[in-house]
Structure formats: C-alpha cells, structure tokens
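Take a look at the structure set out below.
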C-alpha cells in the first residue's frame, strides 16, 4: 500500500511539473520536455499500477512491445520535426 501511495505522489508531482512547464516559455524544448514527463508517468503506471513485475512473461513482452512502439513513434515524430524545412511565411499571408 505504501508503494502505491508513493507512486501516486510521484504522479501528482509529475502532474504539477507538467502544469509548471506549460507556463514556462521553453521555445523549442517545450515538446520534448512534455513528452519526457509523459513518458515518466507512463513508466510509473506500467510498473506499479499495472503490476507488470508480477505479470506473466507474455504480458511483460506485450507491454514492452507497446512501449517500444511508442518510442519508435516518438523518435520518428522528433526526427520529422527536427528536419522539416521551415515554410515560407508569405505562403500563409493574405494577398
């Protein structure tokens, strides 16, 4: 029970960190910071609330595959964002 309460407190701390990060102007670091916090929350939920440490091997493999798939999607999104050409500003302006 104590472990779950500590996990809950950590999730609340990460929630307050998310709210605080939304008010701080981080410019280009805003998205990576937010996704990093979300990944930490996901890892806590998977480890403690889903009780993957006590689950069967097949359940752990399925959870790890889902987490790996999330990591692949995030890395592809980051690479797309990082290497995208800036759009021409006059393209969006009214004639």
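Computed from the coordinates by the stated procedures, all read-outs in this text should not be read as laboratory data. If you're wondering where the values come from, they're calculated on a predicted model, not measured in any experiment. Glycine gets a Cβ as well: all are built from the backbone with ideal geometry, and neighbour counts include every protein chain shown.
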- Mind counting the residues in the range 1-14 that are free of Cβ contacts under 8 Å to residues at least 24 places away in the same chain and either more than 19 Å from residue 52 (Cβ to Cβ) or exposed (fewer than 10 other Cβ atoms within 10 Å of the Cβ) (or both)? 6
- Task: Kindly indicate whether any position in the range 39-56 is more than 25 Å from residue 6 (Cβ to Cβ) and out of contact with any strand residue (DSSP E or B) (no Cβ under 8 Å at 6 or more places or on another chain).
- Result: yes
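Condition (residue is within 12 Å of the chain's Cα centre (by Cα), surrounded by 14 or more Cβ atoms within 10 Å (Cβ to Cβ) and closer than 25 Å to residue 82 by Cβ) applied to the range 18-26: is it met by at least one residue? Give the derivation first.
Looking only at the range 18-26, we keep the residues that are within 12 Å of the chain's Cα centre (by Cα), and these are 18.
Then drop every residue that is not surrounded by 14 or more Cβ atoms within 10 Å (Cβ to Cβ), which leaves 18.
With the extra rule that they be closer than 25 Å to residue 82 by Cβ, the set shrinks to 18.
Within the range 18-26, one or more residues are within 12 Å of the chain's Cα centre (by Cα), surrounded by 14 or more Cβ atoms within 10 Å (Cβ to Cβ) and closer than 25 Å to residue 82 by Cβ.
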- Task: Of the conditions (1) farther than 18 Å from residue 78 by Cβ; (2) without any contact (Cβ under 8 Å) to a residue 40 or more places away in the chain; (3) over 14 Å from the mean Cα position of the chain (by Cα), residue 44 clears all except one; give me its number.
- Result: (3)
